[in-house]
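Below is one structure, written out as structure tokens; the observations come after it.
The values are calculated or read from the model by the stated rules, or taken from the named source; none is laboratory data. Quick caveat, the model's predicted, so the values are computed rather than measured. Because the Cβ atoms are built from the backbone with ideal geometry, glycine has one as well, and the counts that use them run over all protein chains shown. These accessible areas exclude ligands, DNA and RNA; they are computed on the full protein's heavy atoms, side chains included. Shrake-Rupley method; radii C 1.70, N 1.55, O 1.52, S 1.80 Å.
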Amino acid sequence: MNFNEHTKRIILRISLIFMVLLSIGLTGYIFGTDAHFSGVEQTTSKSADKELGEKSLRDIFVPTQLFYYQDDQLYQVYDGNKNLPLEFNRLTEKLDKRSIKNFRKDNDSYKKMLHNHNYLQLTYPDQITMPLFIRGINKKDGREFNRIFVSTKKRDYLYLGNDANHHLYQIKISDIAFDKFVHQVTHASSKIPVSLIHLRDGYSVVYEKATKLQVYNYLTNEESSSYYVNNLLGSGASSQKTTGDNTVYSNGAYQRLIVTNKTHHYEFVDYQENKIPKLMTTRLIDSLYYVRKTGLSEPDLRFFDADNKTFIYQNFVEEYPIFLPGNNISRAKVNFAKNGMSINFNSLDFQIPVPTDDPKVTVESTDDALDELYEAGYTKKDINRIIIGYQISQQTPQTESRELVELHPTYYVKINNKWRSLKEWTSLSTKSRKGMGLKEETNGF
């Protein structure tokens, strides 16, 4: 018995020593691995990286519009049978740890590339950073771009462009075959003649003539507030207080979810997340992390707009964003601040497209839309961007959580970093415009 006990003690000690040595070795390996820590800020982006993955990022941060020249005319193209931007994304997944060279940085060179008939162009709704396009490069690479140029002839290089600062970048792509993609673009089922105009934030698309666009019907769905309470505050007990049209759920002193009753609008605030990520790449990734934390449905959700610390995500129908009714027209808007991170989001989910025989709607030319803004007192310098988007023009209740909505195209304009419909901007009073710091002028130029 004594021998057995003595043997057991020796075996136990050896086992403990082995486990301690193994633990020390694993700890040293983890902390010594460059891949684990290089380029990563000590923020929630670490968890975002784990949960998102590069492929998921490329599905959200995706080009939304495609253009090519034919007979000296620039066309915006779309193919209802093929998602061409996603086809492009799949092709360029091979761009792993690729070298990106600074190519040009002057207005004249950029204009020449914009009007080069030998290149297709794909555009993002707003600038993104290089690490979101090319996997494996350092997150500290803060160079931004929003336009991609693909040669229709010699395809040794791909060019990335930033409309805001006229920067052009060059990437060697001789190992990627774009022939099939170029053929698909030039034979797309739909093409609209367009041109480009330079506004405050860069180049916007000009629809040269009145354009007929499709009306869409969607059967929507809305999750209950308890779904978002559970996702954002956890399943633990949280306090609840109703004041007027708002119900406020809180989880201690640091997190709260505000539900605006009788609407689809929510606001989540996390006061603990009070460190603004230094890198734009990290801010972009973290913003998507918080959007996904809400549990919003993602099939047609895309990155739409960014202004330093504010990031907007919208649902898209074909290549056009859907704007929601009311004061909060974004599907999700994330804002980073020193007093906490906030996300405003809308629970209305465009779930099932419903076939419709409704006739197409005619949208006026962009020049006519701009003339309306100039006549209302805005100047060209006031306008950040102008685009065509879709708005809800009709809602028909089906059940308590489902509605049939009809989407109509119209112009949306970003002025003073705020998005509104063309009709809303032109009907805004002079007093309201002065309150926004906008000058009262009648000449658009």
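What ranking, highest mean first, results for peptides 161-172, 64-75 when packing means the other Cβ atoms within 10 Å averaged over each residue?
Packing proxy ranking, top to bottom: 161-172, 64-75.
Summarise the accessible area of the range 321-403 (1.4 Å probe, protein heavy atoms) by the percent that is carbon and sulfur.
44
I want to check the label-to-label distance for THR242 and ASP108. Put each point 7 Å from Cα in the C-beta direction and report it in nm to one decimal.
It works out to 6.8 nm between the two label points.
Ranked from the most accessible area to the least, with a 1.4 Å probe and all protein chains present, what is the order of TRP425, TRP419?
Result, largest first: TRP419, TRP425.
Tell me which lysines have Cα within less than 17 Å of LYS82's Cα, excluding those fewer than 8 residues away on the same chain?
Once the sequence-local lysines are set aside, what remains near LYS82 is LYS180, LYS191.
Just to be sure I understand the model, the point goes 7 Å from the Cα along the line to the Cβ. What's the resulting ALA253 to GLN395 distance in nm?
Placing both labels 7 Å beyond Cα along the Cβ direction yields 3.8 nm.
With N set to the residue count of the range 219-306, report its C-alpha Rg divided by 2.2 N^0.38 Å to two decimal places.
1.19
What length, rounded to one decimal in nm, is gained on full extension from ASP358 through to SER235, with 0.36 nm per residue of separation minus their alpha-carbon distance?
Difference between extended and current length: 39.8 nm.
What is the distance, in nm, between label points placed 7 Å from the Cα along the Cα-to-Cβ direction at ASP156 and at GLN73?
3.4
What dipole magnitude, in Debye to the nearest 20, does the range 190-341 give about its Cα centre under +1 on Lys/Arg Cβ and -1 on Asp/Glu Cβ? Could the numbers behind the result be given before it?
Numbers: 17 positive and 15 negative charges, 65 e Å.
Here the range 190-341 has a charge dipole of around 320 debye.
Can you list residues whose amide H is under 5 Å from ASP305's amide H, if they're 5+ apart or on another chain and H is modeled 1.01 Å from N?
Counting only residues 5 or more places away or on other chains, the set is ILE312.
What's the ranking of 357-368, 373-384, 339-350 by average number of surrounding C-beta atoms within 10 Å, highest first?
Working: 357-368: 13.4, 373-384: 18.3, 339-350: 20.6.
Ranked from most to least packed, the peptides come out as 339-350, 373-384, 357-368.
Per residue, what accessible area does the range 219-279 have, given a 1.4 Å probe and all protein chains present, in Å²?
Each residue of the range 219-279 exposes 58 Å² on average to a 1.4 Å probe.
When the expected Rg is taken as 2.2 N^0.38 Å, what fraction or multiple of it is the alpha-carbon Rg of the range 81-153?
1.19
If one computes the Cα centroid of the range 380-395 and of the range 246-295, what distance in Å separates the two points?
26
Round to a whole number: what % of the accessible area of the range 97-215 belongs to carbon and sulfur, probe 1.4 Å?
45
Hey, which of these cross-link pairs are over 27 Å Cα-Cα: LYS111/LYS209; LYS97/LYS275; LYS105/LYS423; LYS262/LYS360; LYS140/LYS381?
Checking Cα-Cα distances, LYS97/LYS275; LYS105/LYS423; LYS262/LYS360; LYS140/LYS381 exceed 27 Å.
Rounded, prolate or oblate: which fits the range 135-194, taking a ≥ b ≥ c as square roots of the Cα gyration tensor eigenvalues, rounded meaning a/c under 1.5, else prolate when a/b beats b/c?
Values: a/c = 2.37, a/b = 1.44, b/c = 1.64.
Oblate, since a/c reaches 1.5 and b/c is not below a/b.
What ranking do 146-152, 328-334, 211-217 get when scored by the average of other Cβ atoms within 10 Å per residue, highest first?
Taking the mean over residues of other Cβ atoms within 10 Å, the ranking is 328-334, 146-152, 211-217.
Pulled fully out, how much extra length does the chain show between SER226 and ASN81, if you take 0.36 nm times their separation in residues and subtract their Cα-Cα distance?
Answer, rounded to one decimal: 48.4 nm.
For the range 378-418, what is the accessible area per residue in Å², given a 1.4 Å probe and the full set of protein chains?
Numbers: 1790 Å² over 41 residues.
Normalised by residue count, the accessible surface of the range 378-418 is 44 Å².
Keeping every protein chain present and rolling a 1.4 Å probe, give me the accessible area per residue for the range 115-196 in Å².
Value returned for the range 115-196: 39 Å² of accessible area per residue.
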